[in-house]
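What follows is a single structure, written as C-alpha cells, with notes after it.
Rule-based calculations on the coordinates, nothing more; no lab input. In this text the structure is predicted, and so the values were computed from the model without any measurement. Note: ideal-geometry Cβ built from the backbone for every residue, glycine included; neighbour counts use all protein chains shown.
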Amino acid sequence: MNEDEEMDLLRDELKQIIRQFENEMSGVQDEDDLEEINGVNLKELEKVFEQKQPKLELKFIKCHVDAVIPQYAYPSDSGFDLHSTESVGIPPLSRMIVGTGLKFNIKDGYEMQIRPKSGLAAKQGLTVLNTPGTIDSGYDGEVKVILYNSTQNTLYIEKGQKIAQACICPVVNGRWIELNEVTEISGKDRGDNGFGSTGI
C-alpha cells in the first residue's frame with residue numbers, strides 16, 4: 001500500500017468515526033465519555049494522523065565543524081534559526097557576510113528565504129540587508145547571511161549566535177515561466193497607481 005492509498009484509508013476511517021461521534025453525541029454525559037467512543041481513543045487517532053501527514057523533506061549537511069543543526073522552536077513557526085559559525089564585529093552602518101556552516105538540498109518548486117530575527121532588529125539594530133534573501137533550489141553551497149548594522153556602534157556576533165531565520169516557501173521558478181514581450185499591458189483594475197496610492 002502506497003502513501004496515497006494509506007491516507008485515503010485513514011480519511012475513510014476518520015469519516016466513519018465522525019459519523020459515529022455525531023450519532024452518539026446525544027448520550028455524552030462528561031469529558032470521559034468524549035475521551036473514548038466505541039473503543040476508539042480520539043487522542044491516539046490524532047497522533048496517528050500527525051505521524052502519517054506527508055511532510056516536505058529538507059536535507060542538509062554541516063560543512064563547518066561549528067555549524068548548529070537547524071530546528072524549529074515550535075511546530076507552528078514559519079522559520080528555523082540560522083547560527084553564525086564565527087565571532088565577528090560589524091562596524092557602524094556596515095554590512096558583512098556571515099557563514100552558517102550549512103548546505104541544503106531544497107526541492108524543486110521551493111526556495112529558502114532568509115529573514116531577519118525580529119529581536120535582533122528591534123533590540124540591536126541588526127538586520128538582514130537583502131531581506132528576504134533568496135536561496136534557489138539549484139544552489140547547493142553554504143548558506144551565508146548578509147548582516148547589516150544600522151547603528152552608530154560596532155555590533156559583535158558570537159560564534160553559535162542566532163543571526164537570521166530561514167523559511168521554506170513555494171515558488172514558481174524559471175522553468176515554468178515563459179517571458180513574452182508584448183506591446184501593451186492594460187485592463188487591470190489598479191492601473192499604474194503605485195507608491196502610496198492606497199494610502200499610508
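Put simply, segment 59-176 fits an ellipsoid with semi-axes of 24, 15, 14 Å; these come from the alpha carbon gyration tensor as the roots of five times its eigenvalues, largest first.
Based on DSSP H runs of at least 4 residues, each adding -39500 (n - 2.57), what is the mean residue ellipticity at 222 nm of the chain after dividing by all its residues, to the nearest 500 deg cm²/dmol?
-7000 deg cm²/dmol
Which of these values of percent of Cα pairs over 24 Å apart was calculated from the structure shown: [x] 63; [y] 37; [z] 34? Given [x] 63; [y] 37; [z] 34, the structure-derived one carries the label [x]. The modelled label-to-label distance between S94 and H64, using points 7 Å beyond Cα along the C-beta direction, is 1.8 nm. Taking 26 Å as the straight-line reach from the Cα of K144, the lysines in range (excluding those fewer than 8 positions away in the same chain) are K55, K59, K62, K103, K107, K117, K123, K159, K162.
Under a 10 Å cutoff between Cα atoms, tell me which one of E142, E46, E111 has the largest fluctuation in the Gaussian network model of the chain. So, out of E142, E46, E111, the one fluctuating most is E46.
When the chain is treated as a Gaussian network with alpha carbon springs shorter than 10 Å, the biggest mean-square fluctuation among D77, D66, D12 belongs to D12.
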